Amino acid sequence: MTSVPDEDVMLQVRDGEVHMLGVLFDRYQAPLFNFYSKMTQDRTVSEDLVQEVFLRILRYRQTYRPGTTFRTWMYQIARNTRIDQVRKVRPESPLTSEPLAPTRASDSAERQQEAQLLQRALMQLPEDKREILVLSRFQEMKYDELARLLGCETGAVKVRVHRALQQLREVYLALENNPAAQTQEPRRTSTDSLPPTGRVQ
């Protein structure tokens with residue numbers, strides 16, 4: 001049986017069938033957790049943020065409009081939730097209180113090291129560049145969907161992704177060539193580097 005499109009499910013939620021939110025939760029819990037995991041490198045924070053997103057979906061359900069792509073609308077809420085979380089964190093508190101588990105034991109030691117090095121490099125990028133890479137590469141958002149989410153032209157998205165990848169490559173190579181730097185804490189996120197975002201009303 002063909003599954004009901006996300007947009008139709010969300011319209012049911014908006015119109016009072018709030019139990020249908022469980023369908024969306026089942027579909028997007030894992031992708032949202034993966035998004036936040038890459039952004040925060042903190043399992044507990046990621047789980048809390050996922051819960052907050054669905055609470056906000058319920059709270060703001062009346063603002064959802066027919067014809068709006070649900071995933072784009074949901075990730076706008078997810079971005080707002082992340083920004084609010086960062087602003088609540090005291091400047092002296094690191095964002096990584098409970099590191100995520102390393103890659104699967106079945107992976108080779110070299111593959112584990114590469115994955116950990118990549119994650120460390122990702123955490124050293126400014127928030128806006130980290131976000132666009134996580135959305136485009138790990139969440140597999142297409143450029144046109146990112147353009148709608150970020151409120152810019154598709155061409156601008158391509159440029160931003162290219163620049164973010166370029167900086168990620170530079171940071172990765174610097175870490176790879178400087179083993180001592182690999183043991184340092186990732187740079188703390190400043191609200192100055194947060195991406196611009198529209199507030200869900």
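General remarks:
- Top-ranked residue of the range 35-45 - restricted to ones that are in a helix (DSSP H, G or I) and more than 12 Å from residue 134 (Cβ to Cβ), ranked as farthest from the chain's Cα centre (by Cα): 44
- Conditions (1) without any contact (Cβ under 8 Å) to a residue 40 or more places away in the chain; (2) open to solvent by less than 10 Å² (accessible area, probe 1.4 Å); number of the one not met by residue 79: (1)
- Meets criteria (at pLDDT 90 or above and either out of contact with any helix residue (DSSP H, G or I) (no Cβ under 8 Å at 6 or more places or on another chain) or part of a helix (DSSP H, G or I) (or both)) for residue 32: yes
- From the options 112, 85, 116, 76, residue that is in contact with a Ser or Thr (Cβ under 9 Å, 6 or more places away or on another chain) and modelled with pLDDT of 95 or more: 76
- Comparison of 125, 117 shows that the only residue that is among the aliphatic types (A, V, I, L, M), part of a loop (DSSP other than H, G, I, E, B) and either over 15 Å from residue 78 (Cβ atoms) or touching a Phe, Trp or Tyr at 6+ places or on another chain (Cβ under 7 Å) (or both) is 125.
- Only one of the listed residues (195, 186) is more than 15 Å from residue 75 (Cβ to Cβ) and either outside any helix (DSSP H, G or I) or at pLDDT below 90 (or both). That residue is 186.
- Hits in the range 131-180 (condition: of a type in the set (Ser, Thr, Tyr) and either touching a residue at least 60 places away in the same chain (Cβ under 8 Å) or open to solvent by less than 20 Å² (accessible area, probe 1.4 Å) (or both)): 136
- For the range 56-67, the tally of residues that are touching an Asp or Glu at 6+ places or on another chain (Cβ under 8 Å) and buried (at least 16 other Cβ atoms within 10 Å of the Cβ) stands at 0.
The values are calculated or read from the model by the stated rules, or taken from the named source; none is laboratory data. Not measured: the values here are computed from a predicted model. Using ideal geometry, Cβ is built from the backbone for each residue, glycine included, and neighbour counts are taken over all protein chains shown. Note: accessible area is taken over every heavy atom of the protein model, side chains too, but ligands, DNA and RNA are not part of it. Shrake-Rupley method; radii C 1.70, N 1.55, O 1.52, S 1.80 Å.
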